[in-house]
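Below you'll find the structure, written out as structure tokens, and then a few comments.
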Amino acid sequence: MRAIEAKTFSGYGGLRQSELPKPQPARGRVLVRVTAAGVTPLEYTVLSGGHPRAKAPLVLGNEGAGVIEDAGDSGLAVGSRVMFTGPYGVGENGAWQEWLLVRPEDLALVPDAIDDVVAASLPVAYLTAQITLTLAGFKPGMTVLAPGIGGSVGNATYQLARAQGAGKVISTAGSAVKAARARELGFEDVIDLSTEGLAEGARRITAGSGVDIVIESIGGTVTSEALSSLGLGGVLITLGYSAGRKTTIDVTDLIWKRARMAGFSLFAQSPTAIATAWRDIIPLIVSGSVKPIVERVYHLGEAGEALRHLIEERPFGKVVLAG
């Protein structure tokens, strides 16, 4: 079968298309014929040698969608359409191949209203967004800040919070072009960081009261600015570092506001938390209340270019491999 392997963790040049044996059915696993796979910043972290659990050679791809070919003892039906994420592409071979053995608890059934490309774009971003909102204590009427409207987690958080009754949702864009694109797509209260600081913009939009929740997936200085945007008793959850792994915070943003700050890893979530999140997410997508954005679809053999496009060009929406 075709697979995209990181032969070495040396950047884009470490990727190769390989012919590997098709996985054989195994106890405790479901054999999925992969029809589409997401492209995420995690693949670049792994490919650059930045993830301690990953060992080369490794098939990348942390999320995907497909059709069950062998259900094993899972109780699932052969032929069912599914989507998944988990340790794939990090601790074991991932979704950038034609077949994959997936743990049953990592699978979610895909409704007919959601096509394979969209399904493959959902697991990492939408599970992350929904679970972090829950952990932060989200309730209708709250104000939520989700920096990075063009990014997968930022956009998913914005849409899920809005669809579930947030009083106001705020995001950011790194340029006037992205801010304009966001407005065209119906996203209000997007701070254009080329003309205004994040904390300044959040104070303006909230009339100085600050936000209740921040779901922050960018890192670097964005984390510290997002922390200063919190209102009294606010909560910040941080989960990414594309803009840098280090930052400096003003501890009075925590002390005086009696705020809380926590980290998040999707890998650490229980099957129950994942299943509960899917039950919240899927009806919102089927109803059209939430509309996932896929910016571009590449063929599997173009995985290297797809990853480069995601990392270097920072598109507005998800990048997916299919075909």
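Read the figures in this text as sums done on the coordinates, not as results from a lab. All figures in this text were calculated on a predicted structure; none of them were measured in a lab. A quick note on method: Cβ atoms are made from the backbone with ideal geometry, for glycine too, and the neighbour counts reach across all protein chains shown.
Take every DSSP beta bridge with both residues inside the stretch 124-266 and express the antiparallel ones as a percent of the total, to the nearest 5.
Approximately 0 percent, going by the DSSP bridge assignments.
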Notebook entry, point to check: If amide H atoms are built 1.01 Å from N in the plane of the peptide, which residues on other chains or at least 5 residues away come under 5 Å of the amide H of Tyr298?
Noted result: Val320, Leu321, Ala322
Margin query: With the cut-off at 1.5 for a/c, could you classify the stretch 91-159 from its C-alpha gyration tensor as rounded, prolate or oblate?
Written below: prolate
Checklist line | Protection-proxy order for peptides 89-100, 126-137, 22-33, each taking the mean of Cβ atoms within 10 Å per residue, highest first | finding: 89-100, 126-137, 22-33
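Over the chain, what portion of Cα pair distances is larger than 28 Å, expressed as a whole percent? Don't jump to the answer; show the numbers that get you there.
Values: 20088 of 52003 pairs.
Of the Cα pairs, 39 percent sit more than 28 Å apart.
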Next item on the list: Starting from the Cα of Lys139, draw a straight line to each of the lysines and keep only those under 28 Å, dropping any in the same chain fewer than 8 residues away.
Entry: Lys168, Lys257, Lys291, Lys318
Check: Can you give me the Cα centroid spacing of the stretch 97-133 and the stretch 291-307 in angstrom?
Finding: 16 Å
Next item on the list: Please work out the C-alpha center-to-center distance from the stretch 141-168 to the stretch 1-74 and express it in whole Å.
Entry: 30 Å
Next item on the list: Calculate the spin-label point distance for Glu200 paired with Trp256, positioning each point 7 Å from the Cα along the beta-carbon direction, and give it in nanometres.
Entry: 1.9 nm
Checklist line | Paired Rg and Dmax values of the stretch 228-323, which use every Cα atom, in angstrom | finding: 18.3, 53
Check: Share of antiparallel DSSP beta bridges in the chain, in percent to the nearest 5?
Finding: 60 percent
Next item on the list: Just add up the charged neighbours of Thr128: K/R +1, D/E -1, any other residue whose Cβ is under 15 Å from the Cβ of Thr128.
Entry: -3
Notebook entry, point to check: Per-residue HN-Hα couplings for the stretch 183-198, Karplus 6.51 cos²θ - 1.76 cosθ + 1.60 at θ = phi - 60°, whole Hz, x for Gly and Pro?
Noted result: 5, 4, 8, x, 8, 8, 6, 9, 7, 7, 6, 7, 10, 8, x, 4
Item checked: ³J(HN,Hα), Karplus 6.51/-1.76/1.60, whole Hz, each residue of the stretch 101-107, x for Gly, Pro -> 8, 10, 5, x, 5, 8, 9
Check: In deg cm²/dmol and to the nearest 500, what is the mean residue ellipticity at 222 nm of the chain if only DSSP H runs of at least 4 residues count, each as -39500 (n - 2.57), divided by the residue total?
Finding: -7500 deg cm²/dmol
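Based on Cα coordinates alone, diagonalise the gyration tensor for the stretch 124-266, multiply each eigenvalue by 5, take square roots, and list the semi-axes in whole Å, largest first.
Equivalent ellipsoid semi-axes, largest first: 19, 17, 16 Å.
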Item checked: Karplus 3J(HN,Hα) series, Hz, for the stretch 242-256 with 6.51 cos²θ - 1.76 cosθ + 1.60 (x for Gly, Pro) -> 5, 9, x, 8, 10, 8, 10, 10, 8, 5, 5, 5, 8, 6, 5
Next item on the list: Would you grab the residues whose amide H sits under 5 Å from the one on Ala36? Only those 5+ places off in sequence or on another chain, please, with H modelled 1.01 Å from N.
Entry: Ala65
Margin query: Taking amide H atoms as placed 1.01 Å from N in the peptide plane, list the residues 5 or more away in sequence, or in a different chain, whose amide H sits under 5 Å from that of Ala3.
Written below: Ser18, Leu20
